[in-house]
Amino acid sequence: MTGTAAPTKLPALKHGGGLRRIVVLAGCATVWGAAVLLLSAGFVPQLAGDETELGIRVTFLLGGLLVAVLPVLALWLPHRRQVARLLDGVLATDLAQPQVPPVAAWAHPEVAFQRLRSTAFVLSITPLLTLLILGLGSSMYLDEDASGTVALAFCLVPLAGLVATLTLPTRVLTGVQTGIDRGQVLAVRVPSRVDLGTMAWLQAFLPDGRELVLRTPSLSPRAPEPRGVVDSPDVVLVVGAGGHQGALLVPARPEEVVWLHGPVPQVRVPRDVIRAFEELAARTG
């Protein structure tokens, strides 16, 4: 007598939206602005350099670094833990894994991520140039070496974002191929799709009935239409390394792949999308 283990229950979806995104971005900007002020105070050149004033400098510098990492500790790390829990639940299955061709046989993700890369490029290059001009101007023309040093040091943050933007297609290909190598390939059914602006939200179900929510990147006009793939009965979900990347495809037609915006699956979904899925389910019975 054989039995099938009950599927691992997935963590509940969290609700998000535009207002939350604005609040988070504004809070991060405020925190990092405070970090810049603290770090600048630690480099004040007017201090004479005795032990008391040296202690003040160290206190400001350590305080600035601590404040700078607060968004990472309070937002990014908990988010990655949620993604890891969801990914472990999704992959905790003994279902047969479909065979898919290597990523090299698929369409390149550059077109699908073009709009995202353009936005990220602007968001990276603007503060990079601003900080670079401020740093060089403060050091060379205003004789404010402390402010110049802090501004140039903070250039590393948007510079890292710029490098990540330029290498995004290569990292997506590598991450998805790593997911295939690890066996993170699942047969899914995609009954519902909700278009929100330039993005498409997809409701997917595993063979054991568990629900996943997926999201495409902000598609450019030249990006392929995902409808043909998700309507196929043999669609396959590939989850990339760490859930950062992913793709939907039909193994017989890998050139029509639908690239997914991470995390895959999504852990936070706008309320409007959830309501739209519920309305579609009610209409279809």
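The values are calculated or read from the model by the stated rules, or taken from the named source; none is laboratory data. In this text, all values refer to a predicted model and were calculated from it rather than measured experimentally. Backbone-built Cβ (ideal geometry, glycine too); neighbour counts: all protein chains shown. These area figures cover heavy atoms from the full protein model, side chains too; ligands, DNA and RNA do not enter into them. Shrake-Rupley method; radii C 1.70, N 1.55, O 1.52, S 1.80 Å.
Observations on the structure shown:
- Only one of T170, T149 that is among the hydroxyl-bearing types (S, T, Y) and modelled with pLDDT under 90: T149
- Here the condition is being out of contact with any Leu (no Cβ under 9 Å at 6 or more places or on another chain), modelled with pLDDT under 80, among the polar types (S, T, N, Q) and assigned to a helix (DSSP H, G or I); of T30, T2, T52, it holds for T52 alone.
- Taking the range 239-254 as the range and being open to solvent by 40 Å² or more (accessible area, probe 1.4 Å) and under 13 Å from the mean Cα position of the chain (by Cα) as the test, only H244 passes.
- A200 under 19 Å from E279 (Cα atoms) and either open to solvent by less than 10 Å² (accessible area, probe 1.4 Å) or at pLDDT 90 or above (or both): yes
- Scan the range 162-216 for residues that are of a type in the set (F, W, Y) and more than 21 Å from the chain's Cα centre (by Cα) and the total you get is 1.
- In this structure, P251 does not satisfy being closer than 30 Å to P102 by Cβ and in contact with a Leu (Cβ under 7 Å, 6 or more places away or on another chain).
- Selection within the range 87-127 - open to solvent by 70 Å² or more (accessible area, probe 1.4 Å), modelled with pLDDT of 85 or more, within 20 Å of T178 (Cα to Cα) and hydrophobic (A, V, I, L, M, F, W, C): A104
- Number of the condition not met by L186 [criteria: (1) modelled with pLDDT of 90 or more; (2) farther than 29 Å from V273 by Cβ]: (2)
- Inter-residue pairs, beta-carbon under 7 Å, first over 21 Å from T170 (Cβ atoms) and in the range 242-258, second open to solvent by 30 Å² or more (accessible area, probe 1.4 Å) and part of a strand (DSSP E or B), 6+ apart: V250/E256
Per-residue answers, yes or no, for (1) surrounded by fewer than 20 Cβ atoms within 10 Å (Cβ to Cβ); (2) of a type in the set (V, I, T); (3) within 26 Å of D88 (Cα to Cα); (4) modelled with pLDDT of 90 or more:
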{"position": "D181", "(1), (2), (3), (4)": "yes, no, yes, yes"}
{"position": "R227", "(1), (2), (3), (4)": "yes, no, no, no"}
{"position": "D231", "(1), (2), (3), (4)": "yes, no, no, no"}
{"position": "E256", "(1), (2), (3), (4)": "yes, no, no, no"}
{"position": "V264", "(1), (2), (3), (4)": "no, yes, yes, yes"}
{"position": "R271", "(1), (2), (3), (4)": "yes, no, yes, no"}
{"position": "R275", "(1), (2), (3), (4)": "yes, no, no, no"}
